[in-house]
Amino acid sequence: MSGAVDVYLGLGSNQGNRRENIDSALSMLDSNEKIHVDKVSDIIETEPWGFAAEQNFLNCVARVQVDKTLTPEEMLDVLDAFSQRMSEK
């Protein structure tokens, strides 16, 4: 993607099928015409910190290329919409 900037996003899940949740989030990101998932770190399991949870978290970091025409505020709106869709599953 020409005219893009790199953005690093932390992704994590501790509910349901945690791996499937992360894969779905990455797929949603990549389905946006102004966002391309470039690389994803290894997925690691971590204990919750600061609160009680039924399951440990699976976490990773994704480097995504974002079209420069997408403002930071619009990027946050996209991420919020994806988060809402994931929570409705």
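Summary of values
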{"item": "Criterion violated by D23 - all others in (1) loosely packed, with under 12 Cβ neighbours inside 10 Å; (2) out of contact with any strand residue (DSSP E or B) (no Cβ under 9 Å at 6 or more places or on another chain); (3) over 19 Å from D80 (Cβ atoms) satisfied", "result": "(1)"}
{"item": "Residue within region 78-87 that is of a type outside the set (S, T, Y) and touching a Lys or Arg at 6+ places or on another chain (Cβ under 6 Å) present", "result": "no"}
{"item": "Long-range neighbours under 6 Å by Cβ, at least six apart or interchain, first residue under 25 Å from K34 (Cβ atoms) and among the acidic types (D, E) within region 49-69, second open to solvent by 60 Å² or more (accessible area, probe 1.4 Å) and at pLDDT 90 or above", "result": "D67/K34"}
{"item": "Close pairs (6 angstrom Cβ cut-off, 6 or more residues apart or separate chains): among the acidic types (D, E) in region 19-44, assigned to a strand (DSSP E or B) and modelled with pLDDT of 95 or more anywhere", "result": "D30/V37; D38/R63; D38/Q65"}
{"item": "D42 closer than 20 Å to L76 by Cα, out of contact with any Asp or Glu (no Cβ under 9 Å at 6 or more places or on another chain) and of a type in the set (D, E, K, R)", "result": "no"}
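The values are calculated or read from the model by the stated rules, or taken from the named source; none is laboratory data. Just so we're clear, the structure is a prediction, and the values are computed from it rather than from any experiment. Neighbour counts run over all protein chains shown; Cβ positions are idealised from the backbone, glycine included. Areas reflect the complete protein model, heavy atoms only, side chains present, ligands, DNA and RNA absent. Shrake-Rupley method; radii C 1.70, N 1.55, O 1.52, S 1.80 Å.
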